[in-house]
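Written out below as structure tokens is the structure these notes cover.
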Amino acid sequence: MEKIRKEFPVLRKGIYANTAVYGLLYDSLLDWRQEHDLDFLLYGSDMREKSLKVISETRSAVSSFFNCKRENVALVSNFSSALNVFLEGLAVEKKVLLIENDYPSLNWSFEKRGFDITYVPTSVKLEQQILEVVKSSKIDVFAFSLVQWLDGFAIELDFLKDLKKQFPELVIIADGTQFCGSTNFDFDNSGIDVLGASAYKWLLAGYGNGFMLFSDEIKDKISLNSIGFNAADGNYEKKDAIRFAKQFEPGHLPSLNFGSLKFSIEFFQRIGMDKITEHNKKLSVKAKAEFERLGLLSDQIVERKKHSTIFNIKANEATFQKLKDNDVFCAQRGDGVRLSFHFYNTIAEIDAIVKILKAE
């Protein structure tokens, strides 16, 4: 990974433990983006066909990377906007299960529309609690983040598969913004009906791009009204034959933004997602062990077998400032400091952070 680290200039300034806020821009992506805009500068509208090709190739790249049928991939500017479009087609009578303190854009989108909502708190036995509520309350929709934004709490993927098998009519909606790009993921075999993500965090694709992935079954349960000329591929004859995923793309899609997503997916594939998954797992295990040893983690994180690479440590303003003074990029979230690690981080950097935290 040391060779790959040279792609990221920010890493020369300190320890970047802030991917949960913003994934880093890297040299080869910047080169591609500059070349893209230079072509626009020099060729103007002659670049249109090239731009359409970029969008098409991005859809294929997302489809392959996450194992989702190409026709079930929607390219969107961000998860929050796409979720709001989706919920306009979901009957308000549905009974919805949410996780307490989940990402505001997720929970607020349901709350604003007046759904019948039940909440479950995060806990060591979260999956068991979810199962019990789904059974007892006849839940229609379960919506949640695969990884919680505040503390990195990660739901068990195998549990979601089993949940879908037990309750095939349950609509499972997942926000993958703090997950996608951090580890291998197979959508079509996940049990999830809808997965959306903004790609500027763990996929390192910059702002203004993301995606929604859909199961075949969900298309018969939702009735959308969004429409636009782009959704019909600029063809008047297709007005009444727009496929489900394209209804999330009523207007033009910027080839700079989505080409950046395609470039990043290919960048990850060149590194190898197996290698990234394994490296991030090592970072997670190391960080959890060290922060637990210092007594900086909540009991519900300590007692879980698996965790993401996002950690919220018990820390006050002075500790946050100390980390910043020692060139550690991090963020204050809730009552602590959130540290998040990706494949460009090292075990040695975690040791360095621990040393800073131990210092008087």
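Please work out if Phe311 is crowded, with 16+ Cβ neighbours inside 10 Å, more than 15 Å from Gly295 (Cα to Cα) and not charged (D, E, K, R). Considered against the rule, which asks whether it is crowded, with 16+ Cβ neighbours inside 10 Å, more than 15 Å from Gly295 (Cα to Cα) and not charged (D, E, K, R), Phe311 comes out as no. Given the structure, is Ala61 part of a loop (DSSP other than H, G, I, E, B) and either out of contact with any strand residue (DSSP E or B) (no Cβ under 7 Å at 6 or more places or on another chain) or at positive phi (or both)? Against the criterion (part of a loop (DSSP other than H, G, I, E, B) and either out of contact with any strand residue (DSSP E or B) (no Cβ under 7 Å at 6 or more places or on another chain) or at positive phi (or both)), Ala61 does not qualify. From Ser123, Ser81, Ser136, grab the single residue that is within 21 Å of the chain's Cα centre (by Cα), of a type in the set (S, T, N, Q) and farther than 16 Å from Ile222 by Cα. Exactly one residue qualifies, and that residue is Ser81. Of everything in the range 206-231 that's over 20 Å from Leu256 (Cβ atoms) and among the aromatic types (Phe, Trp, Tyr), which residue is modelled with the lowest pLDDT? Across the range 206-231, the extreme among qualifying residues is Phe229. Screening Gln129, Gln178 for residues that are touching a residue at least 24 places away in the same chain (Cβ under 8 Å) and of a type in the set (S, T, N, Q) leaves exactly one candidate, Gln178. Taking the condition of being in contact with a helix residue (DSSP H, G or I) (Cβ under 8 Å, 6 or more places away or on another chain), part of a helix (DSSP H, G or I) and not basic (Lys, Arg), how many residues in the range 218-264 meet it? Adding up the residues that qualify gives 11.
Screening the range 321-347 for residues that are more than 21 Å from Gly23 (Cβ to Cβ) and at pLDDT 95 or above and picking the one that is least open to solvent (accessible area, probe 1.4 Å) gives Gly336.
Condition check: at positive phi and either more than 15 Å from the chain's Cα centre (by Cα) or open to solvent by less than 10 Å² (accessible area, probe 1.4 Å) (or both). Does Asn67 satisfy that? Yes: the conditions hold for Asn67.
The residues in the range 19-56 that are under 30 Å from Gln332 (Cα atoms), outside any loop (DSSP other than H, G, I, E, B) and in contact with a Leu (Cβ under 8 Å, 6 or more places away or on another chain) can be counted, and the count is 1.
Checked against (1) free of Cβ contacts under 8 Å to residues at least 12 places away in the same chain; (2) surrounded by 14 or more Cβ atoms within 10 Å (Cβ to Cβ), Phe86 meets all criteria but (1). When we screen Ala359, Ala352 for residues that are at pLDDT 95 or above and on the phi < 0 side of the Ramachandran plot, the only hit is Ala352. Counting just the residues of the range 232-263 that are modelled with pLDDT under 90 and of a type in the set (Lys, Arg), which one comes out least open to solvent (accessible area, probe 1.4 Å)? Taking the candidates together, the pick is Lys238.
Every residue, every condition in (1) in contact with a Lys or Arg (Cβ under 6 Å, 6 or more places away or on another chain); (2) in contact (Cβ under 8 Å) with a residue 12 or more places away in the chain, yes or no:
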site	(1), (2)
Glu237	no, no
Asp240	no, no
His252	no, yes
Phe268	no, yes
Ala287	no, yes
Ile301	no, yes
His307	yes, yes
Asn312	yes, yes
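Cβ separations smaller than 7 Å between residues 6+ apart or across chains give the following pairs from the range 320-342 residues that are closer than 23 Å to Phe8 by Cα to residues that are basic (Lys, Arg): Asp327/Lys13; Cys330/Arg338; Ala331/Arg338.
The values are calculated or read from the model by the stated rules, or taken from the named source; none is laboratory data. Computed from a predicted structure; not experimentally measured. Glycine gets a Cβ as well: all are built from the backbone with ideal geometry, and neighbour counts include every protein chain shown. Accessible surface areas use protein heavy atoms only, side chains included; no ligands, DNA or RNA. Shrake-Rupley method; radii C 1.70, N 1.55, O 1.52, S 1.80 Å.
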